[in-house]
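Below you'll find the structure, written out as structure tokens, and then a few comments.
Every number in this text was worked out from the coordinates using simple rules, so none of it is lab data. Note that the structure is predicted; figures quoted are calculated from it, not measured. Neighbour counts are summed over all protein chains in view; Cβ atoms, including those assigned to glycine, are modelled from backbone coordinates with ideal geometry.
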Amino acid sequence: MTNIFHKQGKLEVITRKWWFFLLFVLLQFIVPPYASKGYKLPEECGNVISHTLGHAIVYQHREIYPIFKVIPIILLIGIFVFRNKVARLFAVYVCFSYMLFAIGQSIAVTEKYGVSICTINIIMFAAVAAFWLWEAVVLQNDFTPAKKPLWRYWVVPLAILAFWAPAGRGKPDFNLVYLFTNGAGTTFCMMTPVYVGLLTLYWPKVNMATLRVTSLVGFIISLYNMHLNFIVAPATRWWNGVLHIPLLVISLYGLILSLKRSPRVE
């Protein structure tokens, strides 16, 4: 047990290093996408990534959408009711979720490119999954209620917005049924604000390394989305951009909290 917590301490130190952050930045430029039918490097990289993300295999299995909306709701209720008794189960599910995002959102099979893979997303999402799996081992997240300033709850409405993802054909559609039926539960961008937002509510009694890496990857992905939705195609994608604001601000907030040298509350 002592060895496990020693490793946790090393992870917290390593994930604070400047070169750790630089590594994630450099990966964005040196890891190209894959396409079984081939493509021209580097000019077609953006097209392959866009095509892959737009035709990802998860969109072919809409029948699973309700499952991945209901399970997180049950687990979140379980945390508030049973607290640390469900901490390991929650961490395992979040780990599984990020592996689902890595595979389901980053791989496509189409006529144009054959099997295409957004490789960088798989690497980053798998890294997040690994840190949540580690959390399932060390159980550093303490979901015991504690008094906190009211302002700390600002993440809640934004996390709900992301989870709800009220959109129909790219426009606002605040149908409550989407809380249980749409594909938000199978996507990195909509679920990360929920997971990071939850950890910020219990900060500093959380796994700092897991919070840090999840927030870092969330922030990187959010920048891509801000560029696409508000700069490249604002006329048609502005609402999708709005729905990604929770990913941007909550990830940045989580990253800042994870870097604060606040003593862990026992």
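Give, rounded to the nearest 20 debye, the magnitude of the charge dipole that the chain has about its Cα centre when Lys and Arg contribute +1 at Cβ and Asp and Glu contribute -1 at Cβ.
Computed charge dipole of the chain: roughly 680 debye.
Using the Cα centre of the range 138-261 as origin and beta-carbon charges of +1 (Lys, Arg) and -1 (Asp, Glu), tell me which of 210, 151, 164 is placed farthest towards the positive end of the dipole.
Of the options given, the answer is 151.
What does the extension gain come out to for residue 260 and residue 146, with contour length at 0.36 nm per residue minus their alpha carbon separation?
Length gained between residue 260 and residue 146: 39.1 nm.
Taking a spot 7 Å from the Cα of residue 109 along the direction of its beta carbon, which residues of the range 57-71 have an amide N less than 16 Å from it?
Flagged as within label range: 57-62.
Residue separation times 0.36 nm, minus the C-alpha to C-alpha distance between residue 175 and residue 92: what's the value?
Full extension from residue 175 to residue 92 adds 26.8 nm.
Compute the helix-to-body angle for 67-82: its Cα long axis versus the longest principal axis of the chain, expressed 0 to 90° and rounded to tens.
Its long axis makes an angle of about 10 degrees.
Going by C-beta contacts inside 10 Å, put 191, 208 in order with the fewest on the left.
208, 191
Measure nothing but the geometry: give the 0 to 90° angle between the long axis through the Cα atoms of 87-104 and the longest principal axis through the Cα atoms of the chain, rounded to 10°.
10
Using each residue's phi in the range 16-27, evaluate 6.51 cos²θ - 1.76 cosθ + 1.60 at θ = phi - 60° and report the 3J(HN,Hα) Karplus result to the nearest Hz, with x for Gly and Pro.
Values, residue by residue: 9, 5, 4, 6, 5, 5, 4, 4, 5, 5, 5, 4 Hz.
Quick one: 3J(HN,Hα) in Hz for the range 125-136, Karplus 6.51/-1.76/1.60 with θ = phi - 60°, rounded, Gly and Pro as x.
Taking θ as phi minus 60°, the curve returns 5, 5, 5, 4, 4, 5, 5, 6, 5, 4, 4, 5 Hz for the range 125-136.
Given that just one value was derived from the coordinates, which of [x] 0.98; [y] 0.96; [z] 1.08 is Rg/Rh (Cα atoms, Kirkwood Rh)?
Matching the structure shown: [y].
Please say if the range 1-73 is rounded, prolate or oblate, where rounded means a/c under 1.5 for a ≥ b ≥ c the square roots of the C-alpha gyration tensor eigenvalues, and otherwise the choice is prolate for a/b larger than b/c and oblate otherwise?
In terms of gyration-tensor shape, oblate.
By per-residue mean of other Cβ atoms within 10 Å, what is the highest-first order of 250-257, 233-240?
250-257, 233-240
Say R0 is 51 Å: what FRET efficiency, to the nearest 0.05, do residue 67 and residue 14 get from their beta-carbon distance?
Using R0 = 51 Å, I get an efficiency of 0.90.
Quick check on my link table: of 37/171; 17/69; 147/260, which ones sit more than 29 Å apart, alpha carbon to alpha carbon?
37/171; 17/69
How much length is gained if the chain between residue 36 and residue 4 is pulled fully straight, taking 0.36 nm per residue apart and subtracting their Cα-Cα distance, in nm to one decimal?
7.4 nm
For the pair residue 43 and residue 205, how long in nm is the line joining their label points, each one 7 Å along Cα→Cβ?
Going from the residue 43 label point to the residue 205 one covers 5.8 nm.
Exposure proxy check: 244, 55, 6 ranked by fewest other beta carbons within 10 Å?
The most exposed by this proxy come first: 6, 55, 244.
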